Every structure is written in structure tokens, then in C-alpha cells.
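The block underneath contains the structure these notes are about, expressed in C-alpha cells.
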Amino acid sequence: MTIYFDNAATTSVSKTALDAMIPALTENYGNPSSLHALGQTSNQALDEARRTVAECLGAQPNEIYFTSGGSEADNWAITQLAEQGKKKGKNHLITTTFEHHAVLHTVKRLEKNGFEVTYLDVHEDGIVRPEELAAAIRPETALVTIMYANNEIGTIQPIEELAKVCHEKGVLFHTDAVQAVGHLPINVKEQGIDLLSLSGHKFHGPKGVGALYCRRGVRLTNFIEGGAQERNRRAGTENLPGICGMAAALKEAVDHLEENTRKVTAMRDKLIEGIRTIPCSRINGSLEHRLPGNVNACFEGIEGESLLLRLDLMGICASSGSACTSGSLDPSHVLLAIGLPKEIAHGSLRLSLDEVNTMEEVDYTLEQLPKILETLRDMSPVWEQMKKEGRC
Ligand SMILES: *Cc1c(COP(=O)(O)O)cnc(C)c1O
């Protein structure tokens with residue numbers, strides 16, 4: 001038995017997405033830029049996928065640029081708008097302390113190259129305060145980039161308010177919405193989002209494909225030089241199978257958003273309730289403003305890594321936080337950002353669920369988890385010490 005509770009790292013490709021990819025991998029192999037009939041068939045498929053993605057976001061097709069994934073979309077939006085700002089004497093950026101590394105490392109590189117960066121606090125609940133954003137904006141602020149929902153603790157930001165603050169001060173607002181798209185209702189126009197990054201493999205599309213939404217009127221400079229693809233902004237023959245798969249997966253997710261949310265939220269809440277009965281445990285991040293499928297907990301006296309290995313032995317695929325930082329021994333920057341001490345942040349567990357999971361899987365996990373924790377704590381000198389001191 002395999003229980004897959006690592007949907008924030010990546011998801012399985014849905015049947016709908018796969019079916020949409022097959023023609024582009026087989027008979028419709030033409031290059032969308034070719035003038036012959038086969039090329040034009042591909043070009044039509046590309047147009048249709050772009051229309052679908054645009055509709056799902058409340059955007060126009062000519063505001064969608066396909067990329068190789070969420071990381072590229074983040075890099076593109078941030079570096080290009082920062083560079084444009086610099087030309088106008090704007091050398092200040094605003095982000096938060098708990099962004100995905102695709103944003104944080106991009107911003108860090110710009111910081112090395114002369115930009116000043118303000119990292120907004122996300123508080124204990126994992127939520128940015130709009131008034132603190134307002135106070136941080138300066139006349140020389142080129143861009144604000146704040147993630148829609150966090151990939152480790154699942155907390156959802158007040159996006160409309162943040163965008164409004166930016167617009168009142170004439171600053172552009174980008175959001176890494178990779179965890180939100182396909183999981184939360186999004187309308188870029190109503191929410192006032194200028195730029196948004198998304199990635200196909202976080203909502204049952206294929207890996208290696210994503211998109212950047214850029215509002216009309218915002219100048220987006222080229223990211224990859226070469227051919228005229230993506231309206232001259234991003235060269236390279238389009239990943240048509242990936243793009244078609246992603247568009248189909250997104251439409252499916254958006255069409256079923258309400259029922260999926262209901263189902264996933266019920267499973268999440270049951271897990272959270274069960275975990276809360278385990279001694280010396282805590283749930284990280286706001287319970288109220290949280291992705292339907294995110295559970296993130298810390299258990300004192302244990303190492304997250306050993307917990308993951310034991311869960312894996314019982315057939316449960318989980319994560320200690322971000323897939324990108326696993327393998328390193330540093331505690332999660334997200335958990336440190338919400339103020340957890342290092343020793344507690346080490347004992348973290350992320351279970352990320354979605355609509356392909358079942359309540360039986362939740363029940364099984366709630367049976368196994370306390371047993372595993374007990375075994376691990378019995379072997380832990382730290383736990384022994386905590387008990388002696390009466391801390392647990
Ligand atoms: C997964 C993820 C990314 C990276 O997307 P890729 O398509 O894997 O490059 C960026 N930001 C967040 C919040 C993510 O969860």
C-alpha cells in the first residue's frame with residue numbers, strides 16, 4: 001500500500017491531462033511555428049491551451065506566457081521587473097522571509113548585485129500584514145513579490161489587500177501562486193494581481209511546464225533570447241504536450257474546485273484533530289487561512305528525518321517541509337520565519353493531501369503516527385530529558 005501525502009511536492013498526472021498530451025506526443029508533432037498544416041494544427045492546440053489557462057485565471061490569452069515551470073516564472077517576473085526598475089532609479093524590492101527558494105534565491109542574487117531588499121515578517125501565524133507592507137514601500141520600490149499560499153505551512157496571504165496597498169503606492173505586485181492555482185479560487189483581475197506564477201505539476205498536470213501571467217500594460221522584457229515564441233518574450237519551441245496537459249489539468253481542477261475543497265478540507269481537519277491529541281505536538285501556521293490540503297506539525301523530542309523514514313516503511317509518503325531542502329540538515333527557513341526555535345523546527349512533518357486521497361488513508365495514518373512517535377521518543381535522549389524536567 002502506498003499513501004501519497006506529498007502533493008505539495010508534486011502530484012500524479014491525471015487521466016484528463018494525459019489524454020490531452022497524447023495527440024501532441026503522437027500525430028500532432030508539428031512545430032507550432034511551421035506554416036504547413038501540421039504546424040498549424042499544433043498552433044491551434046497551443047492557442048486553445050492558452051485560452052483555457054487564461055479563462056481559469058480570469059485573464060486574457062495574450063497575458064499568458066508559457067514557461068518551463070514555477071521556478072522559471074518566478075525568476076522571469078522578478079529579474080526582469082527589477083532590471084526595468086533599476087533603469088528608472090528604483091533599486092528596492094519587497095518580499096517575505098518565507099518565500100519558496102525560486103523567489104528567495106532570485107532576490108538574494110539581485111541583492112548581491114546592488115538591490116536593497118526588505119523581507120517582511122510573516123508572524124507566528126504565517127501571514128503578512130498589509131499595513132506592514134504599506135510601511136515598507138518606498139518611492140524607489142521596483143516590485144513587491146509575496147507568495148499566494150506557502151508550500152510548507154499552507155498559509156494563505158490576504159492577496160487582494162496586498163495588491164491594493166501596492167497599487168495605491170504605484171508599485172507592481174507579483175505573486176508566486178504555485179500552491180494556490182487549481183486549489184483556491186483565483187481571478188487576477190478582481191484581485192488586482194499584476195504578475196502571477198503557476199506550475200502544472202502542482203495540480204495534476206505534467207512536470208516541466210508552467211506559466212507566467214503578466215497584466216496587459218505591464219512591460220515584460222525577454223527572458224530567453226532566440227526565436228519569436230511567446231510573443232518574442234521567451235524563445236524556444238513550445239513544450240506542446242506539457243502545455244496541453246497543464247491546460248487540461250487546470251480546467252479540471254477549476255471545474256471541480258468546490259467539491260474537491262470540501263472533500264480535502266474534511267480529511268485535513270480530521271488529521272489535524274488527531275495530531276492535536278498527541279502530546280507535545282503543535283500545528284504550524286494559521287488554521288483559518290490555510291490551503292485545504294495542508295497539515296504541518298512539529299513533534300518535540302524527535303528528528304523529522306527519522307519520522308519520515310518510519311512513515312515510509314509503513315507506506316506513507318510525507319515530507320518534513322519543502323522537497324527542495326530535504327537532504328540538508330538545516331531546519332526549514334519557513335518554520336524559523338514563524339518563530340520556531342531550531343530544535344523544534346527539526347521535528348517537523350508536512351502531510352499534503354488532495355482529492356485523490358481518501359478518508360481511509362487518513363484513518364490509517366492516524367493509527368500509525370502515534371505508534372511511530374512513541375517508538376522514536378522512547379529512543380530519544382532529548383525526550384528523556386524533557387520528561388525528567390516535566391516539560392512533556
Ligand atoms: C513547486 C513550487 C515552485 C517551483 O515550481 P516548479 O514548477 O517545480 O519549478 C515554486 N513556488 C512554489 C510555492 C512551489 O510550491
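The numbers here are math on the coordinates, done by the rules we state, and not lab data. Remember, predicted model here, so these are calculated numbers, not experimental data. All Cβ positions, glycine included, derive from the backbone under ideal geometry; neighbour counts span all protein chains shown.
Looking at the range 192-220, which of the residues that are among the hydrophobic types (A, V, I, L, M, F, W, C) and away from the ligand (no atom under 14 Å from the Cβ) is nearest to the chain's Cα centre (by Cα)? Step by step, filter the range 192-220, then rank; the result is 193. Scanning the range 226-244 for residues that are surrounded by 14 or more Cβ atoms within 10 Å (Cβ to Cβ), under 30 Å from residue 87 (Cα atoms) and in contact with a helix residue (DSSP H, G or I) (Cβ under 8 Å, 6 or more places away or on another chain) returns a single hit, 234. When residue 156 is tested against (1) in contact (Cβ under 8 Å) with a residue 40 or more places away in the chain; (2) surrounded by fewer than 19 Cβ atoms within 10 Å (Cβ to Cβ); (3) not charged (D, E, K, R), just one condition goes unmet, and that condition is (2). Please indicate, with yes or no, whether at least one residue in the range 101-112 is surrounded by fewer than 18 Cβ atoms within 10 Å (Cβ to Cβ) and hydroxyl-bearing (Ser, Thr, Tyr). Within the range 101-112 (the criterion being surrounded by fewer than 18 Cβ atoms within 10 Å (Cβ to Cβ) and hydroxyl-bearing (Ser, Thr, Tyr)), the answer is no, since none of the residues qualifies. In the range 156-191, what residues are within 12 Å of the ligand (Cβ to nearest atom), of a type in the set (S, T, N, Q) and not in a loop (DSSP other than H, G, I, E, B)? Residue satisfying the conditions is 175 alone. Scanning the range 52-80 for residues that are near the ligand (Cβ under 8 Å from one of its atoms) and either of a type in the set (D, E, K, R) or not in a helix (DSSP H, G or I) (or both) yields 68, 69, 72, 74.
Out of all the residues in the range 111-125, is one or more part of a helix (DSSP H, G or I), more than 16 Å from the ligand (Cβ to nearest atom) and over 26 Å from residue 260 (Cα atoms)?
From the range 111-125, those part of a helix (DSSP H, G or I) are 111-112; that's our starting set.
Cutting the leftovers down to more than 16 Å from the ligand (Cβ to nearest atom) gives us 111-112.
Checking which are over 26 Å from residue 260 (Cα atoms) leaves us with 111-112.
The answer is yes, given that some residue of the range 111-125 is part of a helix (DSSP H, G or I), more than 16 Å from the ligand (Cβ to nearest atom) and over 26 Å from residue 260 (Cα atoms).
For residue 175, the criteria (1) of a type in the set (Val, Ile, Thr); (2) in contact with an Asp or Glu (Cβ under 6 Å, 6 or more places away or on another chain); (3) under 23 Å from residue 265 (Cβ atoms) hold in every case but one, which is (2). Taking residue 223, is it under 18 Å from residue 85 (Cβ atoms), within 22 Å of the chain's Cα centre (by Cα), within 16 Å of the ligand (Cβ to nearest atom) and touching a residue at least 60 places away in the same chain (Cβ under 8 Å)? Considered against the rule, which asks whether it is under 18 Å from residue 85 (Cβ atoms), within 22 Å of the chain's Cα centre (by Cα), within 16 Å of the ligand (Cβ to nearest atom) and touching a residue at least 60 places away in the same chain (Cβ under 8 Å), residue 223 comes out as yes. Within the range 127-138, one or more residues are more than 30 Å from residue 319 (Cα to Cα), away from the ligand (no atom under 12 Å from the Cβ) and surrounded by 21 or more Cβ atoms within 10 Å (Cβ to Cβ). Cβ-Cβ contacts under 7 Å between residues 6 or more apart (or on different chains), taken from a first residue in the range 1-19 that is touching a residue at least 24 places away in the same chain (Cβ under 8 Å) to a second residue that is assigned to a strand (DSSP E or B) and within 14 Å of the ligand (Cβ to nearest atom), are listed as 5/352; 6/319; 6/352; 7/352; 8/294; 8/350; 8/352; 9/319.
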